Amino acid sequence: MVDTVETPIESLEYRTEVKQLLDILAHSLYTDREIFLRELISNASDALNRIQFEMLTNHDVVDPEAELAVTITVDEDARIITITDTGIGMNRDELVENLGTIAHSGARTFLQNAGQSQSTLEEIIGQFGVGFYSVFMVAEEVTVVSRSFRPQDRAAQWQSTGDSRFTLAEADKSTRGTEIRIRLKEDAAEFASTWRLESIIKRHSDYVSFPIYVKGKEGEPKVANRRTALWRQSPSKVEPAEYEEFYKQLTFDDAAPLLHVHMVADAPANVRSILFVPARRERSSLRLRPEYGLRLYSRKILIQEHNKELLPEYLRFIEGVVDSEDLPLNVSRETVQSNPVTRQLRKALTNRLLKDLKNLAEEDAARYTTFWSEFGVFIKEGVASDYANREALQELLRFHSTHTAADGWTTLKEYIARIQPDQKAIYYILGDSLKSAMHSPHLDYFRKHNIEVIFLTDFIDGYMVSQLREVEGKALQNVDAADLDLPKDAEETAESAAAVAQDAFEKLLTHIKQVLGERVRDVREGKTLVDSPARLVSPEDEYARELQYVRRVIEEGYVAPAKTLEINRRHPVIVNLARLVSEDAANPLIDPAVEQLFDNLQLLDGAYQGSVADMVERIQKLMDAALRH
Ligand code: ADP
Ligand code: MG
C-alpha cells in the first residue's frame with residue numbers, strides 16, 4: 001500500500017539560548033508551574049487578536065466564520081491536555097522561527113545573566129514567564145499542529161520532548177489555528193483536571209477577551225473566564241480588587257499597582273480606559289519588558305498592543321488599556337499616529353493622569369513618595385520636554401534640599417514660600433550623589449545665610465534645569481555660577497580668621513596656575529567661601545553647563561570645559577600652603593597638595609574622571625609626610 005507518500009520528518013536543533021533555557025527549566029524545582037497555562041493562553045489570545053485584526057480588511061482567510069475562542073480538552077487518564085485556538089496560525093517556517101529561537105534579545109540577555117541559579121530563574125518566571133517554553137516544566141512531550149490563516153499555506157506539525165531538538169513534519173489540519181497537545185510528566189499529572197485548569201484560568205486569565213472553553217473527555221465544554229472588558233464598565237461598579245486582578249493579568253506583575261485611573265468619557269472623544277502606575281519601575285531586575293505602550297482597542301478589538309502615541313514618551317512607565325469607538329475600525333497601526341482622535345485621546349489621558357497624580361500627592365503623601373522615588377525621573381523628563389503640561393508637571397516635582405530632613409522632600413511651591421525677602425533666585429546644586437552635594441564648597445555661603453539650596457542628583461536633572469529656566473518669576477540658579485548675584489554682601493562672610501597676606505596670596509595663585517595648567521581657566525580669590533578651602537566655578541553660560549552633566553553620562557570620553565578655581569584665603573589649608581610656597585616653592589609637598597585640592601573639588605562636584613590609582617598614590621605620599629611630624 002504505497003500510494004501515500006510518507007512525508008519526511010525533519011529533525012532540527014534548537015538555537016543555543018533555547019537549549020540553555022530548556023536545560024534550566026528541565027532541572028528546575030520551580031513550584032509555580034501552573035503559569036505555563038497562562039503563557040499558552042496568552043499566546044492563543046495574541047493569535048486571536050491578530051486574526052481579528054487581519055479580518056478587518058482581509059476576507060480571504062481560512063475559516064472566516066470560525067468562532068474566535070480557545071478550547072482546552074483534558075484526557076485525565078492519558079495525562080494529555082490539548083489547547084486549541086482559532087487564531088492566526090503558523091506555517092512550517094513560522095513554527096521554526098517562533099518555536100525554535102528566542103525572539104527577544106532581552107531574553108537572551110536575561111539568560112546570560114541568570115546563569116544556572118535556581119533563585120533567579122524562579123524570580124524571572126514569576127515575574128514574566130518564559131513564554132512558550134515554560135510548557136516544558138510540565139510536559140514530557142509537546143506537539144504543535146498549526147494551520148496558518150493564509151489559504152495557500154499548508155498545515156505543519158512541530159514536536160519536541162524539550163531536549164536539544166525538535167522535529168517538523170507536514171500535518172493534516174483543515175481548520176485555521178493552532179493546536180498544542182501536551183503529554184504531561186508523571187509529576188505534573190495534577191494538571192490533567194478540568195477543575196484544576198478552570199481555577200488556574202480564573203487566577204491568571206480571567207480577563208482574556210475571548211472565551212476559553214474547558215472540557216473533559218465527556219461532558220459539555222464550559223467557559224472558564226469571565227471575559228469582562230473592565231474598562232467598559234462604570235467605575236462605580238468596579239471593586240478595587242478587580243482593578244488589581246486586571247492589572248496583574250494584563251502585565252503579569254505580581255505586585256499590586258500604585259494607582260489606577262479609570263477614565264470614561266464621550267467628549268471630546270469617546271474613551272474607555274484604565275491606566276495603571278506600577279508599584280515598581282523595575283518589576284524585577286531581569287524582567288523583560290521589551291516594549292512599552294498601551295493596549296489600544298476600538299470597540300473591543302485590539303488594534304495595537306504597544307501603542308506609544310496615546311501618552312507622551314516620558315509616561316512610558318504607565319500600563320493600561322485604551323478603547324475608543326471614535327477610532328475607525330479599519331484604522332491601521334500606522335495611521336493611528338496621525339489620526340486626530342489619537343491626539344484628542346492623548347491630551348485627555350495625559351491631563352487626567354497628571355491630575356490624579358496631583359490628587360494622590362495631596363491625599364496620600366506616603367504613597368506619593370513611593371511613586372516619586374520610583375518614577376520621579378520620568379516626571380523630570382516631562383518637565384523638560386512637555387511644554388504644554390509644564391505647570392501641572394512642575395507641581396509634581398519633589399526635591400531634597402538643605403532645608404529638608406535627609407529623607408524629606410520639598411515642592412517648588414514650598415521652597416518659594418520659604419524664600420528670603422531679598423532672594424531673587426531658586427538655588428540648586430548639581431552633583432552625582434546627595435552625599436557629595438551636601439559637602440560641596442558651593443554651599444558655604446548659603447549655609448551661612450540660611451538660604452535654601454535644592455539638591456539635584458539625578459542624571460536627568462541637568463537636562464531638566466536647562467529647560468526649566470524659571471518658576472513663578474524666580475530664576476533657577478546654579479550655585480556654582482561664577483557671577484552669582486547674591487542677596488547679601490559677599491564680603492560679609494570674610495570674617496575674623498587670619499587671611500594670607502596679599503603678596504603671599506598672589507604668589508600662591510601663580511603657583512597653583514602653574515601646577516594645574518590647562519585644567520583650570522583661571523585661579524582667583526573666592527569671596528563666598530567659608531568652611532571650604534576652594535571651589536570650582538563655571539564661567540560657561542547656564543545652559544551649556546547643565547548639559548555637561550548629561551553629556552558626561554552619554555558621551556564616552558567627554559571632557560567638560562575648564563572651570564575657574566576660587567581660593568579661600570582664610571582657610572587653614574590655604575594659609576599653610578601659601579606659607580610653604582613663600583618659604584620654598586620647590587617643597588615636594590606643595591604640588592601634590594595642589595593636585596589633591598583640585599581633585600577633591602572634582603570629586604565633590606561628581607566630575608572626577610582621573611585615575612583612582614594615581615590619587616591613592618598621591619594621598620599616601622601626603623599621609624606619609626603628615627605622619628612624619
Ligand atoms: P511571545 O508570546 O512573548 O512572543 P512566546 O515564547 O510565548 O513569546 O511565543 C513565541 C512566538 O510563537 C509568538 O510570538 C508567536 O509568534 C508564536 N506563537 C506561539 N503560540 C502561538 C499560537 N497559539 N498561535 C500562533 N502563534 C503562536
Ligand atoms: Mg507568549
Item to check | Sequence of Glu395, Glu39, Glu472 when ordered by accessible area, the most exposed leading, probe 1.4 angstrom | outcome: Glu472, Glu395, Glu39
Checklist entry - Got a sec to turn the phi values of the range 41-47 into Karplus ³J(HN,Hα) couplings, 6.51 cos²θ - 1.76 cosθ + 1.60 with θ = phi - 60°, whole Hz, x for Gly and Pro? => result 5, 5, 5, 4, 5, 4, 5
Item to check | Rounded percent of accessible protein surface that carbon and sulfur make up, the chain, 1.4 Å probe | outcome: 49 percent
Checklist entry - Can you list the trypsin sites (Lys or Arg not before Pro) in the range 373-429 that are in a DSSP coil and have 15 or fewer other beta carbons within 10 angstrom? => result Lys424
Checklist entry - Between the range 142-203 and the range 575-629, how many Å separate their Cα centres? => result 71 Å
Next on the checklist: Tell me the relative contact order for the chain as a rounded percent, counting alpha carbon contacts under 8 Å between residues six or more apart.
Outcome noted: 9 percent
Next on the checklist: Just to confirm a number: summing +1 for Lys and Arg and -1 for Asp and Glu over residues other than Lys202 whose beta-carbon lies under 15 angstrom from that of Lys202, what do you get?
Outcome noted: +1
Checklist entry - Got a sec to turn the phi values of the range 168-182 into Karplus ³J(HN,Hα) couplings, 6.51 cos²θ - 1.76 cosθ + 1.60 with θ = phi - 60°, whole Hz, x for Gly and Pro? => result 10, 8, 6, 9, 9, 8, 9, 8, 6, x, 10, 10, 10, 9, 10
Next on the checklist: Is the C-alpha gyration tensor of the range 258-401 telling us rounded, prolate or oblate? Criteria: a/c under 1.5 is rounded; beyond that, a/b larger than b/c is prolate, otherwise oblate.
Outcome noted: prolate
Next on the checklist: Straight-line reach from Lys563: which lysines fall under 16 Å, measuring Cα to Cα and dropping same-chain residues less than 8 apart?
Outcome noted: Lys513
Next on the checklist: Rounding to the nearest 10 and keeping the result within 0 to 90°, find how far the Cα-based axis of helix 240-251 lies from the longest principal axis of the chain.
Outcome noted: 90 degrees
Next on the checklist: Between 0 and 90 degrees, rounded to the nearest ten: what's the tilt of helix 105-114 against the longest Cα principal axis of the chain?
Outcome noted: 70 degrees
Item to check | Net +/- balance of residues flanking Ser193 in space, Cβ distance below 13 Å, scoring K and R +1, D and E -1 | outcome: -2
Item to check | Shape of the range 400-495, Cα gyration tensor, a/c cut at 1.5 | outcome: rounded
Next on the checklist: Taking 0.36 nm per residue of sequence separation and subtracting the Cα-Cα distance, how much length would be gained by fully extending the chain between Arg50 and Asp422, in nm to one decimal?
Outcome noted: 127.5 nm
Checklist outcome for this item: The aspartates and glutamates whose Cα lies under 16 Å from the Cα of Lys527, excluding any fewer than 8 residues away in the same chain, are Asp444, Asp480, Asp483, Asp485, Asp489, Glu491, Glu492, Glu495, Glu506, Glu566
Next on the checklist: Amide H of Leu476 versus every other amide H placed in the peptide plane: which residues, excluding those fewer than 5 positions away on the same chain, fall under 5 Å?
Outcome noted: Ile426, Glu470, Val471
Item to check | 3J(HN,Hα) from dihedral phi, the range 219-227, Karplus parametrisation 6.51/-1.76/1.60, rounded to Hz, x for glycine, proline | outcome: x, 7, x, 10, 6, 9, 10, 8, 6
Item to check | Calculated [θ] (222 nm, deg cm²/dmol) that DSSP helices of n ≥ 4 give over the chain, each run adding -39,500 (n - 2.57) | outcome: -11500 deg cm²/dmol
Checklist entry - Tell me, how many Å apart are the Cα centres for the range 509-524 and for the range 426-457? => result 25 Å
Checklist entry - Which distance in nm do the two modelled labels at Val559 and Leu547 give, with both placed 7 Å along the Cα-to-Cβ direction? => result 2.0 nm
Checklist entry - So which aspartates and glutamates pass the test for Lys308, namely a Cα distance under 12 Å, with those fewer than 8 places away in the same chain ruled out? => result Glu291, Glu319, Glu334
Checklist entry - Which value, in Å², gives the accessible area per residue of the chain when a 1.4 Å probe is used on the protein heavy atoms? => result 47 Å²
Checklist outcome for this item: Computed over the chain: longest principal axis from alpha-carbon atoms vs helix 194-205 long axis, angle to nearest 10 degrees, is 30 degrees
Checklist entry - With all protein chains present and a 1.4 Å probe, how do Met464, Met263 order by accessible area, largest first? => result Met263, Met464
Checklist entry - Hey, any idea what the orientation-averaged projected area of the convex hull of the chain's Cα atoms comes to, in nm²? => result 37.4 nm²
Next on the checklist: Shape verdict for the range 489-627, please, from the Cα gyration tensor: rounded (a/c under 1.5), prolate (a/b greater than b/c) or oblate.
Outcome noted: oblate
Next on the checklist: Defining a contact as two alpha carbons under 8 Å apart and six or more residues distant in sequence, what relative contact order in percent does the range 222-319 show?
Outcome noted: 21 percent
Checklist entry - Within the set Lys222/Lys248; Lys19/Lys173; Lys358/Lys380; Lys173/Lys202; Lys173/Lys217, which residue pairs have Cα atoms separated by over 19 Å? => result Lys222/Lys248; Lys19/Lys173; Lys173/Lys202; Lys173/Lys217
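The values are calculated or read from the model by the stated rules, or taken from the named source; none is laboratory data. What you see is a predicted model, and the numbers here were worked out from it, not measured in a lab. As a convention, Cβ positions derive from the backbone with ideal geometry for all residues, glycine included, and neighbour counts pool all protein chains shown. For accessibility, only protein heavy atoms count, side chains too; no ligands or nucleic acids. Shrake-Rupley method; radii C 1.70, N 1.55, O 1.52, S 1.80 Å.
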